[in-house]
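The values are calculated or read from the model by the stated rules, or taken from the named source; none is laboratory data. Note that this is a predicted model, so its numbers are computed, not measured. As a convention, Cβ positions derive from the backbone with ideal geometry for all residues, glycine included, and neighbour counts pool all protein chains shown. With ligands, DNA and RNA removed, areas are computed over all heavy atoms of the protein, side chains included. Shrake-Rupley method; radii C 1.70, N 1.55, O 1.52, S 1.80 Å.
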Amino acid sequence: MRKTLGWLLSLVVLIGTMGAAGFTAQAATAAGPSAATDIKDEILAIPGMSLIEEKPYPGYRFFVLNYEQPVDHRNPSKGTFKQRLTLLHKDVSRPTVFYTSGYNVNTNPRRSEPTTIVDGNQVSLEYRFFTPSRPDPANWANLDIWQAASDQHRIFTALKKVYKKNWLATGGSKGGMTATYYERFYPRDMDGVVAYVAPNDVVNKEDSAYDRFFTKVGTKECRDKLNAVQREALVRREPLEAKYEAAAAKNGWTFTTVGSLDKAYEAVVLDYVWAFWQYSLLADCPSIPAAATASDQEIWDSIDTISGFSAYADQGLETYTPYYYQAGTQLGSPDIQQPHLKGLSRYGYQPPRSFVPRDIPMTFQPGVMADVDNWVKHNADRMLFVYGQNDPWGAEPFHLGYGVRDSYVMIAPGANHGANVAKLQEGEKALATQKILQWAGVAPAAALADAGRATPLAKPDTQLDQKDQEREPQLRP
C-alpha cells in the first residue's frame, strides 16, 4: 500500500499535469475497494450472499439478506439452503454485534442493547429450520446446536473481511443460549459475549430448582392469587372449554399435533403462573382477578391474556416446531409439580414431543447441555450473563467456576424475562457497560479508568431500540 501511494506521488511530480481531483481518484482506488465501493456491493460480493431488500433508516443502511449454507456442515456435499439474516450497517470502522433470537429474524431495523452501548453495526441471524430458513427436504437430524453455531461461524468468517473491528455475540432467552453455544464451539470468533436470560437445563430430569422458585417468587399473596385462578380454570373446565371450542371455530384453530382441544386447554392453563412471572411484574398482581368471585369470562380473559389460548393450536405451534424439536432432543424442558392442581390436572406438564408432528422423529441426547455447562463453568472468557430475579427461566442459570476469565453473572432485581444491563443495580450496570465497551474495543479512556463513567455511545432511538415482545408458551424461553 505504502509503495503504491509513493509511486503515485512520484508520478504526479514527474508528469506535473495531473490535477488534484485526478490524483484523489487514483489514490482512492489504490486504497482498496472499500474506499470506493458501496457497502451493499461489498456485501453482495461475498460468495453465497444475496439481497432480499434494502430498507432506508436515518444514520444506517439496513439490508435483508440470504446466505447460502450447507445443510450439514459435517458433509457439505449434502446440499445447501438459504438462511435469512439482516445487516444494520453503521460504519466499517465500528465494532459489530452478532445478534440471534434463536427463532425467526425480524426484517425491520432493530438494535440490541450491546449495539446501542458500542454504537456499532448489527448482524441478526434467523435460526436454521425456522421458515423460510429451512432446507427442503428437511432432515431434522441436521437441527442441533453445533450445526447452528457453525452457521454463525461461516457468516462471521465471511463478514469479518468487511467488518474488521471487534465482534460481540448477543441474544436473549433462546438467543442467549445460542450465543453461548456459539462461544462454546467457536471460542476464537468473538471478542465478547452478552447472553441475556439464558436458561441452562443441565440435567433434563432434575427440575426441582423450578419448584423451589415458585414457592418463593414475588409475595405469598400474589402466588396464592395466581394459583387460585389457575386452579379455578381447571375446576370450570367444562364451561371454559365450551368457550375454547367457540374460539377455535371462529379462528380456524385445529389440534391435530397436541391431540385434542382438551389437551391444548390444559397446556394453556398450566402455563398461566409461569407465563405471568416470565412477562409480568409483581406490580401487575392487582390485575389478577379473585378466583372465587370471578366470572367465567374474567377467568378466560386472564388466562388468554397471560398464556394465550392460540398457543397450542396447530396454527400456533407450527412456527415453533424447530424450538420444540430442539427442546425434546438437546435443550431440555422444565417439568414442574404444581401441587395445588392435584386431582384436576389430567396430563401434567406435557413434554416437547406433544408439540411436534409425529412424522418428525425425536430422540433426546443426554449430556449435550452438561457439556456446554461444564465448558462455560471452566472456560468462559469475556462472557456476561444477565438474569431477572423474578424470571422462572433464571431458576437454572449458567454458573462460573474458578477457571473463567473476565466473565460475570449478574441479576437484575425484580426483573422478569426482559432483564437487561439497564435494569441492573447501578454498580453492576456500570461494570457491565464498561466491559461491553472494552470487549468491543471502543471504551473511552475515562470509562476504562472508572466504570461509573461508562455509558452507551449511541443516542437512544425509540424505534430502533424497541423490543419485539412475542407471546411465548411456557416451554419456550
Given 185-195, 388-398, the highest-first ranking by average Cβ count within 10 Å works out to 388-398, 185-195
Taking alpha-carbon centroids only, region 78-145 lies from region 51-70 a number of Å equal to 11
In Å², rounded to a whole number, the accessible area per residue of region 331-456 with probe 1.4 Å is 46
Taking a straight Cα-to-Cα line shorter than 13 Å from residue 377, and setting aside same-chain aspartates and glutamates fewer than 8 residues away, one finds 183, 406
Between residue 103 and residues 5 or more places away or on another chain, the pairs with built amide H atoms under 5 Å apart involve 127
Ordered by number, the GluC sites (Glu not before Pro) in region 177-258 that occupy a DSSP loop and have at most 16 other Cβ atoms within 10 Å are 206
Treating only Lys and Arg (+1) and Asp and Glu (-1) as charged, each at its beta carbon, one finds that region 227-294 has a dipole about its Cα centre, in Debye to the nearest 20, of 60
Of the DSSP H helices in the chain, the ones reaching 18 Å or more along their long axis in Cα terms and averaging at least 1.6 in Kyte-Doolittle hydropathy are none
Between the alpha carbon centres of region 286-333 and region 239-282 the gap in Å comes to 5
As straight-line cross-link partners of residue 225, the qualifying lysines (C-alpha separation under 26 Å, not fewer than 8 residues apart within one chain) are 216, 243, 263, 342
From DSSP H assignment alone, runs of 4+ in the chain each adding -39500 (n - 2.57), the sum over residues rounded to the nearest 500 puts [θ] at 222 nm at -11000 deg cm²/dmol
In region 338-477 the accessible area split gives carbon plus sulfur, as whole percent at 1.4 Å, a share of 51
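What does the charge dipole of the chain about its Cα centre add up to, to the nearest 20 debye, if the Cβ of each Lys and Arg holds +1 and the Cβ of each Asp and Glu holds -1?
Dipole of the chain, to the nearest 20 debye: 1300 debye.
At 1.4 Å probe radius, can you tell me the per residue accessible area of region 112-173 in Å²? Intermediate values should be presented prior to the final figure.
Numbers: 1800 Å² over 62 residues.
Value returned for region 112-173: 29 Å² of accessible area per residue.
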From the cross-link list 82/205; 40/82; 82/250, the entries with a Cα-Cα span beyond 29 Å are 82/205; 82/250
Taking a straight Cα-to-Cα line shorter than 17 Å from residue 165, and setting aside same-chain lysines fewer than 8 residues away, one finds 90, 435
The ³J(HN,Hα) series, computed from each phi in region 317-328 with the Karplus coefficients 6.51, -1.76 and 1.60 at θ = phi - 60°, rounded to the nearest Hz and given as x for glycine or proline, is 7, 3, 4, 9, 3, x, 5, 4, 4, 5, 4, x
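According to the Cα gyration tensor, what semi-axes, each the square root of 5 times an eigenvalue, does the equivalent ellipsoid of region 56-193 have, listed from largest to smallest in whole Å? Kindly include the intermediate steps, with their values, before the conclusion.
Values: eigenvalues 114, 50, 36 Å².
One finds semi-axes of 24, 16, 13 Å for region 56-193.
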Which residues qualify? For residue 409, with a placed amide H closer than 5 Å and at least 5 residues away or on another chain, they are 385
